[in-house]
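Shown next, in structure tokens, is the structure this report addresses.
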Amino acid sequence: METQGLNLFIVDHNKSMVSGLKNYLTGKFGEKLNISTFNDSETCVNCINEETDVVILNSALEEENGNEILTSIKRRNPRTAIIMLSQNENMKAVIESFRTKAKKIAKSNNSAWKKVRAFIKYLIWKPMQIFNSRFK
């Protein structure tokens, strides 16, 4: 039986952050993830399709209006999970992000990548747990 990994996009203007996060996640999950990286949100949104499972969006892209980006992603594929990495402490912005369907918001700091890893682990293993509970 061949397994297919999650299709994950990482978006950030900072190329070293994108590369570092990709290497970190590849080291943790290996072939369970098919990772594509982007340095601008427009290119990423144009690549979203029915097979895009997760988008990690650094809200440093907020100058491009992060909520418009979230809406565009959800318009292209409503089931895509969006993880936002945010430096923003503004609760109004965080609440608005959840209203536009962000699944997880992690403050960009030393523990953010661990939070991303935990959420992706959940996305990978939750379907297997459901399958096992229903078809023991």
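The values are calculated or read from the model by the stated rules, or taken from the named source; none is laboratory data. Owing to the predicted nature of the structure, the values given are computational and were not obtained by experimental measurement. Glycine gets a Cβ as well: all are built from the backbone with ideal geometry, and neighbour counts include every protein chain shown.
Does region 54-66 contain at least one residue that is assigned to a loop (DSSP other than H, G, I, E, B) and either at pLDDT 80 or above or touching a Cys at 6+ places or on another chain (Cβ under 8 Å) (or both)? Walk me through it before giving the result.
So in region 54-66, the residues assigned to a loop (DSSP other than H, G, I, E, B) come out as 65.
Restricting the remaining residues to those that are either at pLDDT 80 or above or touching a Cys at 6+ places or on another chain (Cβ under 8 Å) (or both) gives none.
Scanning region 54-66, I find no residue that is assigned to a loop (DSSP other than H, G, I, E, B) and either at pLDDT 80 or above or touching a Cys at 6+ places or on another chain (Cβ under 8 Å) (or both), so the answer is no.
Among the residues of region 18-36, how many are surrounded by fewer than 18 Cβ atoms within 10 Å (Cβ to Cβ) and either at negative phi or in contact with a strand residue (DSSP E or B) (Cβ under 9 Å, 6 or more places away or on another chain) (or both)?
Filtering region 18-36 down to residues surrounded by fewer than 18 Cβ atoms within 10 Å (Cβ to Cβ) leaves 19-20, 22-24, 26-31, 34, 36.
Going one step further and asking which of them are either at negative phi or in contact with a strand residue (DSSP E or B) (Cβ under 9 Å, 6 or more places away or on another chain) (or both), we end up with 19-20, 22-24, 26-29, 31, 34, 36.
Residues that pass the stated criteria total 12.
Within region 39-48, can you find the residues that are surrounded by 15 or more Cβ atoms within 10 Å (Cβ to Cβ) and either under 12 Å from the mean Cα position of the chain (by Cα) or of a type in the set (Val, Ile, Thr) (or both)?
Once the filter is applied, which keeps residues that are surrounded by 15 or more Cβ atoms within 10 Å (Cβ to Cβ) and either under 12 Å from the mean Cα position of the chain (by Cα) or of a type in the set (Val, Ile, Thr) (or both), region 39-48 yields 44, 45, 48.
Regarding residue 33, is this residue at pLDDT 70 or above, in contact with a Gly (Cβ under 8 Å, 6 or more places away or on another chain) and of a type in the set (A, V, I, L, M)?
In short, yes.
Do we find that residue 51 is loosely packed, with under 13 Cβ neighbours inside 10 Å, within 16 Å of residue 6 (Cβ to Cβ) and modelled with pLDDT under 90 in this structure? Before you say what the answer is, go through the steps one by one.
Numbers: loosely packed, with under 13 Cβ neighbours inside 10 Å: yes; within 16 Å of residue 6 (Cβ to Cβ): yes; modelled with pLDDT under 90: no.
So residue 51 does not fit the description; no.
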